[in-house]
Amino acid sequence: MRRRRRLASVLVHLALAGLAVLAVPAPGVAARSEADRLWLVGAGAFEDGLYETAFRELGRFVQVAPTDRRRGDAALLRGKAAFWMDRYAEALVEFDAAETFALTVATPGEAIFWQGEALFRLRRLEEARARYERFLALKPASPYVPEALYARGLAELDTGRADGAIDTFREFLREYPTHARASTAAYSAARELIRAKRWEDALALLAPYATRYPGSPYLAETRYLLGVAQLEAGRPEGMRTLEQFIAQAPGSDLVPTARVLAAEAQAKAGRAREALEQYQALVRAAPTHALAPQALYRIGELSLRLNRVTDAEAAWSTLRRDFPQHALVGPAGLATARLHEQRKQWEPALQVAQSVASLKGSERSDALLVVGQSALQLRRNAEAAQAYHAVVTEAAPASKRYFEGLAGLAAALEAATDKEGATRAYREIADTSQDPDLVRWAKGRLGALEAPAPPPPGAPRPKPKPKAPAGSGGG
């Protein structure tokens with residue numbers, strides 16, 4: 001029906017234009033009448049949304065009457081017609097042309113505004129921002145001023161001018177607080193303030209957001225941002241705000257992040273159980289999410305704090321199995337190996353620690369120490385010596401870790417009855433270590449190694465030397 005009405009409207013325009021040229025007394029009058037007809041049809045088609053017709057007929061108008069006083073208006077309307085057909089390059093050509101002519105029906109600077117719009121759609125953002133800036137500098141009495149101000153903010157965002165965008169959006173909110181774009185401007189400004197860690201400024205926009213813009217599509221996200229700002233500003237209600245966000249928007253992509261923030265706030269406040277519940281809920285709801293490895297690792301740590309050793313080991317094992325390439329696999333494996341070590345489960349401790357050492361991450365030296373200790377307890381002295389030797393080789397000379405490895409190596413060599421090698425290692429510790437307890441231990445082992453070996457069981461004891469008779473040899 002709408003299309004039929006538009007067609008009928010164009011037909012009326014054509015009919016009226018036809019009546020205007022029935023009587024043609026002279027060539028000049030005929031030319032003017034043809035121009036009037038084309039203008040009438042083109043402008044009417046634009047008003048009715050028939051943009052292809054408008055673009056074509058107004059183009060013919062410019063050809064017929066290149067010096068007509070409506071020349072600039074025709075270019076502007078033609079540009080708008082192209083714009084609404086998403087032909088932005090053609091639109092820009094027309095807007096540039098319109099700027100060079102006087103406009104009789106447009107508001108001041110309107111061509112400049114539309115240049116900015118076309119450039120924005122063409123992603124020529126620096127030029128678009130400059131056009132909006134130029135339009136606003138004219139301070140025109142134009143209905144496009146709010147749109148230009150808002151669009152300048154978007155262009156500033158897209159060109160990395162976050163501070164400029166914040167200022168522009170806040171100006172927009174001051175000048176046009178009830179504008180249809182106010183809720184989006186407030187959301188955009190608040191988001192950038194959060195990124196800039198300007199928590200109090202963000203709170204000023206976010207705290208009243210739900211009341212001011214109850215129909216905004218950003219209600220859920222702004223509640224999340226409000227919780228973040230409150231937490232970062234040291235306000236305890238932030239945790240409750242995030243929990244409300246999770247309850248109100250359980251399907252939001254931001255829920256996993258909100259759970260992590262809420263959990264960390266709970267843990268910081270000493271509520272390990274509540275923190276653990278948030279992490280567990282994250283893993284249940286989004287087991288493959290990018291934050292799941294972090295959640296699993298923290299589940300392990302918090303479970304240990306609550307003396308739930310089995311839960312801790314299960315969480316770390318899941319992390320290592322499901323996210324083998326994640327950076328937390330090493331720490332999780334080392335923590336698991338140490339759990340086995342504490343329970344004197346030497347074989348699993350050795351196996352897990354070896355897997356961590358093979359990753360060659362920052363946990364490698366600690367893992368090799370666990371390998372060495374476990375191998376010693378299993379009487380696999382050569383394997384223990386190899387692990388400790390790797391620690392010594394890879395550690396900084398004379399560092400704490402170097403001497404830890406050297407002490408283990410000395411013990412492994414002694415257990416393997418390599419007295420010479422063990423003596424050298426103990427001697428180096430005794431002579432160069434700055435740890436008095438370690439030096440005391442090394443000297444004790446040196447003393448034990450240098451003492452005469454006790455006779456084997458059943459061997460005859462050496463006879464004591466007879467004492468000389470009293471007075472003998474005394475002269």
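The values are calculated or read from the model by the stated rules, or taken from the named source; none is laboratory data. Keep in mind the model is a prediction, meaning the values are calculated, not measured. Virtual Cβ from ideal backbone geometry, glycine too; neighbours counted across all protein chains shown.
Do the conditions hold for Pro250, that is, is it surrounded by fewer than 17 Cβ atoms within 10 Å (Cβ to Cβ) and under 22 Å from the mean Cα position of the chain (by Cα)? Talk me through it step by step, then tell me what you get.
Numbers: surrounded by fewer than 17 Cβ atoms within 10 Å (Cβ to Cβ): yes; under 22 Å from the mean Cα position of the chain (by Cα): yes.
Taking the combined requirement at face value, the residue satisfies it.
Kindly indicate whether Ala327 is assigned to a loop (DSSP other than H, G, I, E, B) and either of a type in the set (Phe, Trp, Tyr) or out of contact with any Cys (no Cβ under 8 Å at 6 or more places or on another chain) (or both). I'd like the intermediate steps shown before the answer.
Numbers: assigned to a loop (DSSP other than H, G, I, E, B): yes; either of a type in the set (Phe, Trp, Tyr) or out of contact with any Cys (no Cβ under 8 Å at 6 or more places or on another chain) (or both): yes.
Criteria met by Ala327.
Kindly check whether there is at least one residue in the range 9-27 that is among the small types (Gly, Ala, Ser) and modelled with pLDDT of 50 or more.
no
Which ones in the range 97-123 are charged (D, E, K, R) and more than 41 Å from the chain's Cα centre (by Cα)?
The one that is charged (D, E, K, R) and more than 41 Å from the chain's Cα centre (by Cα): Glu99.
Residue by residue, here is whether (1) touching a Pro at 6+ places or on another chain (Cβ under 8 Å); (2) at pLDDT 95 or above; (3) under 28 Å from Phe55 (Cα atoms) holds:
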position: Arg87; (1), (2), (3): no, yes, yes
position: Phe120; (1), (2), (3): no, yes, yes
position: Ala130; (1), (2), (3): no, yes, yes
position: Arg134; (1), (2), (3): no, yes, yes
position: Ala141; (1), (2), (3): yes, no, yes
position: Ala148; (1), (2), (3): no, yes, yes
position: Arg170; (1), (2), (3): no, yes, no
position: Tyr187; (1), (2), (3): no, yes, no
position: Ala190; (1), (2), (3): no, yes, no
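Residue pairs, Cβ under 9 Å, 6 or more apart or interchain, first in the range 279-293 and surrounded by fewer than 18 Cβ atoms within 10 Å (Cβ to Cβ), second among the hydroxyl-bearing types (Ser, Thr, Tyr) and not in a loop (DSSP other than H, G, I, E, B). List them.
Once the first residue is surrounded by fewer than 18 Cβ atoms within 10 Å (Cβ to Cβ) and sits in the range 279-293, its partners that are among the hydroxyl-bearing types (Ser, Thr, Tyr) and not in a loop (DSSP other than H, G, I, E, B) give Pro287/Thr318; Leu291/Thr257.
How many of the residues in the range 433-443 are part of a helix (DSSP H, G or I) and either under 25 Å from Arg380 (Cβ atoms) or in contact with a helix residue (DSSP H, G or I) (Cβ under 8 Å, 6 or more places away or on another chain) (or both)? Outline the logic, then answer.
Going through the range 433-443, the residues part of a helix (DSSP H, G or I) turn out to be 436-443.
Then drop every residue that is not either under 25 Å from Arg380 (Cβ atoms) or in contact with a helix residue (DSSP H, G or I) (Cβ under 8 Å, 6 or more places away or on another chain) (or both), which leaves 438-439, 441-443.
Of the residues in that region, 5 qualify.
Say whether the condition of being of a type in the set (Phe, Trp, Tyr) and closer than 21 Å to Ala43 by Cα is met by at least one residue in the range 116-136.
The first filter runs over the range 116-136 and keeps only residues of a type in the set (Phe, Trp, Tyr), leaving 120, 132, 135.
Subset that is closer than 21 Å to Ala43 by Cα: none.
So far as the range 116-136 goes, no, none of its residues is of a type in the set (Phe, Trp, Tyr) and closer than 21 Å to Ala43 by Cα.
So Arg379 ticks every box in (1) under 25 Å from Gln345 (Cβ atoms); (2) in contact with a Leu (Cβ under 9 Å, 6 or more places away or on another chain); (3) surrounded by fewer than 17 Cβ atoms within 10 Å (Cβ to Cβ) but one. Which box is left unticked?
(2)
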